[in-house]
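Notes to accompany the following structure.
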Amino acid sequence: LDDRAAIAMRDTMQRRGPDGAGLWRSGPFLLAHRRLAILDPTPAGAQPMVTPDGRYALTYNGELYNDNQLREAMGRDPSSYRTSCDTETLVELLASSGLEALRAMRGMFAFAWADLAKRKLVVCRDPMGIKPVYWARTGQSVTIASEIGAILSHPEMSVRPDLVGVSSYLSTVRAELDDRTMFEGVRVVRPGEVLTFDLDDWRAEPERSSVPTAPARSEAGANEIRNAVEQSVISHLRTDVPICSLLSGGLDSTIIAGVASRALPGVRTYCAGSDANDGDPAAAREVALRHELSRQSEAATAA
(Lines give C-alpha, C1' and ligand atoms only; values in the text may rest on other atoms or scores of the structure.)
Protein backbone atom coordinates (compact mmCIF):
# COMPACT_ATOMS: atom_id res chain seq x y z
CA LEU A 1 0.00 0.00 0.00
CA ASP A 2 1.57 3.29 -1.04
CA ASP A 3 1.41 6.46 1.06
CA ARG A 4 -1.17 8.12 -1.18
CA ALA A 5 -3.64 5.27 -0.71
CA ALA A 6 -2.93 5.13 3.03
CA ILE A 7 -3.57 8.86 3.39
CA ALA A 8 -6.84 8.55 1.46
CA MET A 9 -7.97 5.76 3.81
CA ARG A 10 -6.91 7.74 6.87
CA ASP A 11 -8.67 10.88 5.76
CA THR A 12 -12.05 9.17 5.40
CA MET A 13 -12.08 9.69 9.20
CA GLN A 14 -11.09 13.37 9.12
CA ARG A 15 -14.35 14.50 10.74
CA ARG A 16 -13.50 12.42 13.83
CA GLY A 17 -9.94 13.72 13.92
CA PRO A 18 -9.92 17.29 12.59
CA ASP A 19 -6.90 18.55 14.54
CA GLY A 20 -4.03 16.68 12.91
CA ALA A 21 -2.89 13.71 10.88
CA GLY A 22 0.07 11.36 10.98
CA LEU A 23 1.55 8.52 8.95
CA TRP A 24 4.34 6.16 10.01
CA ARG A 25 5.90 3.24 8.16
CA SER A 26 8.56 0.72 9.14
CA GLY A 27 9.09 -2.71 7.61
CA PRO A 28 5.73 -4.50 7.38
CA PHE A 29 3.94 -1.89 9.49
CA LEU A 30 2.05 1.17 8.34
CA LEU A 31 0.16 3.16 10.96
CA ALA A 32 -1.98 6.21 10.28
CA HIS A 33 -3.89 8.48 12.63
CA ARG A 34 -6.39 11.33 12.63
CA ARG A 35 -6.15 13.39 15.80
CA LEU A 36 -8.76 14.99 18.01
CA ALA A 37 -6.48 16.86 20.41
CA ILE A 38 -7.71 16.82 24.02
CA LEU A 39 -4.55 16.32 26.09
CA ASP A 40 -1.31 18.11 25.19
CA PRO A 41 -2.65 19.53 21.91
CA THR A 42 0.88 20.52 20.87
CA PRO A 43 2.66 18.66 18.03
CA ALA A 44 4.51 16.64 20.69
CA GLY A 45 1.34 14.63 21.28
CA ALA A 46 0.91 13.69 17.61
CA GLN A 47 0.39 10.10 16.53
CA PRO A 48 1.43 7.51 15.55
CA MET A 49 3.77 7.71 18.55
CA VAL A 50 7.03 5.76 18.64
CA THR A 51 9.14 4.91 21.69
CA PRO A 52 12.58 6.58 21.81
CA ASP A 53 14.33 3.28 21.03
CA GLY A 54 12.21 2.86 17.90
CA ARG A 55 10.97 -0.62 18.82
CA TYR A 56 7.29 0.14 19.52
CA ALA A 57 4.72 2.31 17.77
CA LEU A 58 1.14 3.13 18.73
CA THR A 59 -1.97 4.56 17.13
CA TYR A 60 -4.62 5.08 19.75
CA ASN A 61 -8.16 6.38 20.14
CA GLY A 62 -9.54 7.13 23.59
CA GLU A 63 -8.42 8.38 26.99
CA LEU A 64 -6.83 6.88 30.09
CA TYR A 65 -8.60 8.28 33.13
CA ASN A 66 -5.88 7.06 35.49
CA ASP A 67 -3.08 8.49 33.37
CA ASN A 68 -1.31 10.28 36.25
CA GLN A 69 -1.48 7.22 38.51
CA LEU A 70 -0.03 5.01 35.77
CA ARG A 71 2.89 7.38 35.30
CA GLU A 72 3.58 7.35 39.03
CA ALA A 73 3.37 3.55 39.12
CA MET A 74 6.03 3.25 36.40
CA GLY A 75 8.44 4.99 38.77
CA ARG A 76 10.09 7.13 36.13
CA ASP A 77 11.46 10.62 36.56
CA PRO A 78 8.59 12.91 35.46
CA SER A 79 11.05 14.98 33.44
CA SER A 80 11.82 11.92 31.29
CA TYR A 81 8.45 12.11 29.57
CA ARG A 82 8.36 13.97 26.30
CA THR A 83 4.69 15.04 26.59
CA SER A 84 1.81 15.38 29.04
CA CYS A 85 -0.31 13.24 26.72
CA ASP A 86 -1.79 9.90 27.78
CA THR A 87 -0.67 8.44 24.44
CA GLU A 88 2.91 8.51 25.69
CA THR A 89 1.82 6.93 28.97
CA LEU A 90 0.17 4.08 27.09
CA VAL A 91 3.01 3.37 24.67
CA GLU A 92 5.58 3.42 27.48
CA LEU A 93 3.40 1.25 29.72
CA LEU A 94 2.96 -1.32 26.95
CA ALA A 95 6.69 -1.22 26.21
CA SER A 96 7.58 -1.91 29.84
CA SER A 97 4.80 -4.35 30.81
CA GLY A 98 3.39 -5.76 27.57
CA LEU A 99 -0.24 -6.87 27.72
CA GLU A 100 -0.05 -7.02 31.51
CA ALA A 101 -0.46 -3.25 31.25
CA LEU A 102 -4.13 -3.82 30.40
CA ARG A 103 -4.81 -4.85 34.00
CA ALA A 104 -3.98 -1.37 35.24
CA MET A 105 -5.71 0.68 32.54
CA ARG A 106 -8.90 2.53 33.33
CA GLY A 107 -10.52 4.33 30.45
CA MET A 108 -12.02 4.03 27.01
CA PHE A 109 -9.71 2.93 24.25
CA ALA A 110 -9.05 1.17 21.00
CA PHE A 111 -5.48 0.90 19.81
CA ALA A 112 -3.07 -0.81 17.45
CA TRP A 113 0.37 -1.43 18.98
CA ALA A 114 3.27 -2.54 16.80
CA ASP A 115 6.28 -4.47 18.10
CA LEU A 116 8.95 -4.19 15.41
CA ALA A 117 11.33 -6.66 17.06
CA LYS A 118 8.78 -9.47 17.29
CA ARG A 119 6.94 -8.37 14.11
CA LYS A 120 3.61 -8.50 15.89
CA LEU A 121 0.63 -6.16 15.89
CA VAL A 122 -1.70 -6.06 18.88
CA VAL A 123 -5.21 -4.64 18.45
CA CYS A 124 -7.31 -4.00 21.54
CA ARG A 125 -10.74 -2.61 22.43
CA ASP A 126 -11.91 -1.52 25.88
CA PRO A 127 -14.19 -3.88 27.83
CA MET A 128 -17.25 -1.65 27.42
CA GLY A 129 -16.71 -1.39 23.67
CA ILE A 130 -16.91 2.40 23.78
CA LYS A 131 -14.37 2.88 21.01
CA PRO A 132 -14.97 0.86 17.83
CA VAL A 133 -12.34 -1.00 15.81
CA TYR A 134 -12.66 -3.29 12.78
CA TRP A 135 -10.30 -5.48 10.75
CA ALA A 136 -10.14 -7.28 7.42
CA ARG A 137 -7.70 -9.09 5.17
CA THR A 138 -6.93 -6.89 2.20
CA GLY A 139 -4.81 -8.44 -0.53
CA GLN A 140 -1.50 -9.47 1.06
CA SER A 141 -2.11 -7.55 4.28
CA VAL A 142 -4.33 -7.07 7.32
CA THR A 143 -6.09 -3.73 7.68
CA ILE A 144 -7.42 -2.32 10.95
CA ALA A 145 -9.47 0.87 11.31
CA SER A 146 -11.84 2.73 13.63
CA GLU A 147 -14.45 2.92 10.88
CA ILE A 148 -15.55 0.40 8.28
CA GLY A 149 -15.43 3.07 5.59
CA ALA A 150 -11.67 3.36 5.92
CA ILE A 151 -11.28 -0.38 5.30
CA LEU A 152 -13.67 -0.32 2.35
CA SER A 153 -11.56 2.41 0.74
CA HIS A 154 -8.51 0.11 0.62
CA PRO A 155 -7.70 -0.35 -3.10
CA GLU A 156 -7.59 -4.15 -2.72
CA MET A 157 -10.80 -4.49 -0.70
CA SER A 158 -13.77 -6.00 -2.52
CA VAL A 159 -16.93 -4.34 -1.26
CA ARG A 160 -19.68 -6.95 -0.98
CA PRO A 161 -22.52 -7.40 1.51
CA ASP A 162 -22.35 -10.11 4.14
CA LEU A 163 -25.89 -11.41 3.66
CA VAL A 164 -25.86 -13.27 6.98
CA GLY A 165 -24.80 -10.10 8.77
CA VAL A 166 -27.40 -8.01 6.94
CA SER A 167 -30.13 -10.54 7.74
CA SER A 168 -29.17 -10.64 11.40
CA TYR A 169 -29.20 -6.85 11.65
CA LEU A 170 -32.56 -6.44 9.91
CA SER A 171 -34.35 -9.32 11.64
CA THR A 172 -33.30 -8.50 15.22
CA VAL A 173 -33.13 -5.37 17.35
CA ARG A 174 -30.25 -4.09 15.22
CA ALA A 175 -27.82 -6.53 16.83
CA GLU A 176 -24.45 -7.59 15.46
CA LEU A 177 -23.88 -11.30 14.84
CA ASP A 178 -20.77 -12.21 16.81
CA ASP A 179 -17.87 -10.44 15.05
CA ARG A 180 -19.55 -10.17 11.64
CA THR A 181 -20.56 -6.91 10.05
CA MET A 182 -22.78 -6.15 7.07
CA PHE A 183 -19.74 -6.23 4.78
CA GLU A 184 -18.15 -9.48 3.69
CA GLY A 185 -14.71 -9.96 5.21
CA VAL A 186 -14.95 -7.01 7.62
CA ARG A 187 -14.94 -8.14 11.24
CA VAL A 188 -15.43 -6.21 14.44
CA VAL A 189 -13.08 -6.47 17.38
CA ARG A 190 -15.42 -7.44 20.20
CA PRO A 191 -15.59 -5.37 23.42
CA GLY A 192 -12.70 -6.34 25.69
CA GLU A 193 -11.00 -8.39 22.98
CA VAL A 194 -7.26 -8.43 22.25
CA LEU A 195 -6.06 -9.68 18.85
CA THR A 196 -2.38 -10.39 18.20
CA PHE A 197 -1.34 -10.67 14.55
CA ASP A 198 1.93 -12.34 13.60
CA LEU A 199 3.30 -10.50 10.59
CA ASP A 200 5.45 -13.49 9.64
CA ASP A 201 2.27 -15.57 9.27
CA TRP A 202 -0.32 -12.94 8.42
CA ARG A 203 -2.74 -15.46 6.89
CA ALA A 204 -3.17 -17.22 10.26
CA GLU A 205 -6.03 -16.30 12.54
CA PRO A 206 -4.93 -13.81 15.20
CA GLU A 207 -4.26 -15.00 18.72
CA ARG A 208 -7.23 -13.98 20.86
CA SER A 209 -7.29 -12.95 24.51
CA SER A 210 -9.32 -10.64 26.72
CA VAL A 211 -8.73 -7.44 28.65
CA PRO A 212 -8.68 -8.41 32.35
CA THR A 213 -11.60 -6.88 34.27
CA ALA A 214 -12.40 -6.56 37.95
CA PRO A 215 -15.00 -8.99 39.33
CA ALA A 216 -18.53 -7.62 39.20
CA ARG A 217 -20.09 -6.68 42.51
CA SER A 218 -23.61 -7.88 43.16
CA GLU A 219 -24.53 -5.21 45.70
CA ALA A 220 -23.51 -1.66 46.51
CA GLY A 221 -24.93 0.84 48.94
CA ALA A 222 -26.25 4.27 47.96
CA ASN A 223 -23.11 6.03 49.23
CA GLU A 224 -20.85 3.68 47.27
CA ILE A 225 -22.84 4.29 44.10
CA ARG A 226 -22.76 8.05 44.66
CA ASN A 227 -19.00 8.05 45.26
CA ALA A 228 -18.38 5.85 42.21
CA VAL A 229 -20.44 8.14 39.96
CA GLU A 230 -18.77 11.28 41.30
CA GLN A 231 -15.26 9.89 40.92
CA SER A 232 -16.04 8.64 37.44
CA VAL A 233 -17.37 12.01 36.28
CA ILE A 234 -14.46 13.91 37.84
CA SER A 235 -11.94 11.60 36.18
CA HIS A 236 -13.50 12.48 32.81
CA LEU A 237 -12.92 16.21 33.29
CA ARG A 238 -9.17 16.27 32.61
CA THR A 239 -8.58 18.27 29.44
CA ASP A 240 -6.28 20.88 27.93
CA VAL A 241 -9.07 22.33 25.75
CA PRO A 242 -12.53 23.78 26.60
CA ILE A 243 -15.03 21.27 27.97
CA CYS A 244 -18.83 21.15 28.12
CA SER A 245 -21.59 18.86 29.36
CA LEU A 246 -24.30 17.60 26.99
CA LEU A 247 -27.55 18.01 28.90
CA SER A 248 -30.91 16.48 27.93
CA GLY A 249 -32.74 17.16 31.18
CA GLY A 250 -32.98 13.43 31.87
CA LEU A 251 -31.76 11.81 35.06
CA ASP A 252 -28.37 10.57 33.85
CA SER A 253 -27.21 13.74 32.09
CA THR A 254 -28.53 15.86 34.97
CA ILE A 255 -26.42 13.91 37.47
CA ILE A 256 -23.34 14.19 35.27
CA ALA A 257 -23.83 17.93 34.71
CA GLY A 258 -24.40 18.47 38.42
CA VAL A 259 -21.19 16.73 39.44
CA ALA A 260 -19.24 18.44 36.65
CA SER A 261 -20.52 21.90 37.53
CA ARG A 262 -19.42 21.51 41.15
CA ALA A 263 -15.96 20.39 40.07
CA LEU A 264 -15.70 23.01 37.31
CA PRO A 265 -17.81 26.07 38.24
CA GLY A 266 -19.13 27.77 35.13
CA VAL A 267 -18.98 24.68 32.91
CA ARG A 268 -21.24 25.18 29.90
CA THR A 269 -24.08 22.84 29.02
CA TYR A 270 -25.53 22.22 25.58
CA CYS A 271 -28.70 20.59 24.27
CA ALA A 272 -29.94 20.10 20.70
CA GLY A 273 -33.55 19.57 19.65
CA SER A 274 -36.17 20.52 17.09
CA ASP A 275 -38.35 22.52 19.49
CA ALA A 276 -36.56 24.88 21.86
CA ASN A 277 -39.65 25.24 24.07
CA ASP A 278 -40.57 21.59 24.51
CA GLY A 279 -39.05 18.19 25.19
CA ASP A 280 -35.36 17.85 25.96
CA PRO A 281 -34.40 21.52 25.37
CA ALA A 282 -37.03 22.79 27.81
CA ALA A 283 -36.06 20.23 30.46
CA ALA A 284 -32.37 20.94 29.94
CA ARG A 285 -32.94 24.68 30.30
CA GLU A 286 -34.73 24.12 33.63
CA VAL A 287 -31.93 21.90 34.93
CA ALA A 288 -29.26 24.40 33.86
CA LEU A 289 -31.16 27.25 35.56
CA ARG A 290 -31.51 25.28 38.78
CA HIS A 291 -27.79 24.45 38.77
CA GLU A 292 -26.93 28.11 38.25
CA LEU A 293 -29.25 29.27 41.04
CA SER A 294 -27.80 26.62 43.37
CA ARG A 295 -24.27 27.72 42.48
CA GLN A 296 -25.10 31.37 43.18
CA SER A 297 -26.70 30.46 46.50
CA GLU A 298 -23.64 28.45 47.57
CA ALA A 299 -21.34 31.31 46.53
CA ALA A 300 -23.40 33.83 48.53
CA THR A 301 -23.39 31.56 51.59
CA ALA A 302 -19.63 31.13 51.35
CA ALA A 303 -19.15 34.90 51.09
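The values are calculated or read from the model by the stated rules, or taken from the named source; none is laboratory data. What you are looking at is a predicted structure, and each value in this text was computed from that prediction instead of being measured. Using ideal geometry, Cβ is built from the backbone for each residue, glycine included, and neighbour counts are taken over all protein chains shown. Calculation scope for accessible area: heavy atoms of the full protein, side chains included, ligands and nucleic acids excluded. Shrake-Rupley method; radii C 1.70, N 1.55, O 1.52, S 1.80 Å.
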Exercise for the section: Need at least 2 residues that are free of Cβ contacts under 8 Å to residues at least 24 places away in the same chain and surrounded by fewer than 17 Cβ atoms within 10 Å (Cβ to Cβ) per element, so show me which strands (runs of 3 or more DSSP E) inside the range 108-220 make the cut, counting only ones lying wholly within it. Expected result: 207-210
Fill in the blank from the handout: Contact list, first residue from the range 288-303 and within 18 Å of ALA257 (Cβ to Cβ) and at pLDDT 75 or above, second anywhere and in a helix (DSSP H, G or I) and not aliphatic (A, V, I, L, M), beta-carbon distance below 8 Å, six or more apart or interchain, is HIS291/GLY258; HIS291/SER261
Practice task
Kindly indicate whether any position in the range 45-67 is over 28 Å from SER141 (Cα atoms) and open to solvent by 60 Å² or more (accessible area, probe 1.4 Å).
Solution key: no
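Out of curiosity, is SER218 in contact with a Pro (Cβ under 9 Å, 6 or more places away or on another chain), of a type outside the set (Val, Ile, Thr) and at pLDDT below 90? First the steps, then the outcome.
Details: in contact with a Pro (Cβ under 9 Å, 6 or more places away or on another chain): no; of a type outside the set (Val, Ile, Thr): yes; at pLDDT below 90: yes.
Judged against the criteria, SER218 is not a match.
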Practice task
Keeping to the range 15-29, report how many residues are open to solvent by 30 Å² or more (accessible area, probe 1.4 Å) and closer than 11 Å to GLU147 by Cβ.
Solution key: 2
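For the range 226-248, enumerate the residues that are open to solvent by 90 Å² or more (accessible area, probe 1.4 Å) and either over 14 Å from VAL267 (Cα atoms) or within 18 Å of the chain's Cα centre (by Cα) (or both). Write out each step before concluding.
Let us first name the residues in the range 226-248 that are open to solvent by 90 Å² or more (accessible area, probe 1.4 Å), namely 226, 231, 242, 246.
Once the filter is applied, which keeps residues that are open to solvent by 90 Å² or more (accessible area, probe 1.4 Å) and either over 14 Å from VAL267 (Cα atoms) or within 18 Å of the chain's Cα centre (by Cα) (or both), the range 226-248 yields ARG226, GLN231.
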Practice task
State whether one or more residues within the range 30-43 are touching a Cys at 6+ places or on another chain (Cβ under 7 Å) and surrounded by 13 or more Cβ atoms within 10 Å (Cβ to Cβ).
Solution key: yes
